[in-house]
Structures are given as C-alpha cells and as structure tokens.
1. With the condition kept exactly as written, say whether any residue in region 138-147 is among the hydrophobic types (A, V, I, L, M, F, W, C), surrounded by 15 or more Cβ atoms within 10 Å (Cβ to Cβ), assigned to a strand (DSSP E or B) and at pLDDT below 90.
2. Failed condition for A48, given (1) buried (at least 20 other Cβ atoms within 10 Å of the Cβ); (2) in contact (Cβ under 8 Å) with a residue 60 or more places away in the chain; (3) among the hydrophobic types (A, V, I, L, M, F, W, C), with all others met?
3. Restricting the first residue to region 31-45 and requiring it to be closer than 17 Å to L66 by Cβ, which pairs with a second residue that is assigned to a helix (DSSP H, G or I) and modelled with pLDDT of 95 or more meet a Cβ separation below 7 Å and a spacing of at least six or different chains?
4. Just checking, how many residues over region 62-93 are under 19 Å from I14 (Cα atoms), free of Cβ contacts under 8 Å to residues at least 12 places away in the same chain and among the hydroxyl-bearing types (S, T, Y)?
5. Checking V132 against (1) more than 22 Å from K33 (Cβ to Cβ); (2) in a strand (DSSP E or B), which test does it fail?
6. How many residues, within region 56-76, are surrounded by 14 or more Cβ atoms within 10 Å (Cβ to Cβ) and either under 25 Å from A40 (Cα atoms) or of a type in the set (A, V, I, L, M, F, W, C) (or both)?
7. Which members of region 1-31 meet the condition of being among the hydrophobic types (A, V, I, L, M, F, W, C), within 16 Å of L118 (Cβ to Cβ) and in a loop (DSSP other than H, G, I, E, B)?
8. Grab the strands (runs of 3 or more DSSP E) fully contained in region 44-111, keeping just those with 3 or more residues being within 17 Å of the chain's Cα centre (by Cα).
Amino acid sequence: MTDFYSEERIVLFIDGPNLHASAKGLGFDIDYKQLKATFAKKGRLIRAMYYTALLEDQEYSPLRPLIDWLDYNGFTMVTKPAKEFTDSMGRRRVKGNMDIDLAIDVLEMSDNLDHVVLFSGDGDFRPLVEAVQRKGVRVNGCEFHEDTALDDC
C-alpha cells in the first residue's frame, strides 16, 4: 500500500460500471459514504469523481437512486448517454464507455494533484497511470476482490 500524507491533494476517480460489477460479483454493496470519509482522513480530498453512462429513454434506471445520492453527498457525477444496440447474435447490448472521459479528466487535473486514486479493474488505464506518474503524481489503483479493504488502496 502506498502511504498517504496529510497535506496531499487527493482525487478519487471511480469507474462506476467496473466497480459496480466487481462488487456485485463478490456479493457486497459499497459504502460510498465510508469510502469518501476514509480518503478524506488520508489527506486533502479535493474531489470524488464518479463516471457512468445512462440510458436516456428509460423511464426509470436502477442507477438513478445511486446517482442522485452520490450527487447529493458531494460526489462529482460525470455521465453521458449510453447507446443501445443489437449485436450480430440478435442480443440487446448497451454501450456507454467512460474510459476516455475519465482519462482526460485525470490528465487535466494531474498538474494540481499529488495523489490519484483510481477505482477500476480495467487494465486499459495502465498507460494513463504511467503518464501521470511521469508527471510526479502518485497513483493508487483500487479494484475489489474478496480480501480487499479500503486501507489496501
């Protein structure tokens, strides 16, 4: 685990669908209030960013209560419309990748940060992590497994 320093400027970048899928696969819910509080104790938490795509034409999205709660509780929500399509096998699919949005935000903010905490198990972020580290910003990657604790991030 990387140490955190009390005056360090920290931003959390949360790949919502990836984190949600990991938690669901492990059969647990994420306590976002605790997650934010944990990192606020580790340094100067500047922002907690949550990225997700939403289907626009749905009357009700199961994500809406979570998104509203996160927004109300100080998370910065980054959303975009998801696209629905039918694949070659005739199955209904939803596409709403936020990886580029997240990567651009990390790069743009990195000049004013000391520490980035990235919640995603997506290996596609490796070049981003390396680029930000070359700028002198410390990066922790957090993905959840059965034995993961927030203190491991």
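The values are calculated or read from the model by the stated rules, or taken from the named source; none is laboratory data. The model shown is predicted, which means the values in this text are computed figures rather than measured ones. Cβ atoms come from the backbone with ideal geometry, glycine included; neighbour counts cover every protein chain shown.
1. Yes, region 138-147 contains at least one residue that is among the hydrophobic types (A, V, I, L, M, F, W, C), surrounded by 15 or more Cβ atoms within 10 Å (Cβ to Cβ), assigned to a strand (DSSP E or B) and at pLDDT below 90.
2. A48 satisfies every listed condition except (2).
3. Y32/L70
4. 1
5. That leaves (2) as the condition not met.
6. 6
7. Listed by number, the residues that qualify are M1, F4, I30.
8. Of the strands (runs of 3 or more DSSP E) lying wholly inside region 44-111, those with at least 3 residues that are within 17 Å of the chain's Cα centre (by Cα) span 44-54, 76-81.
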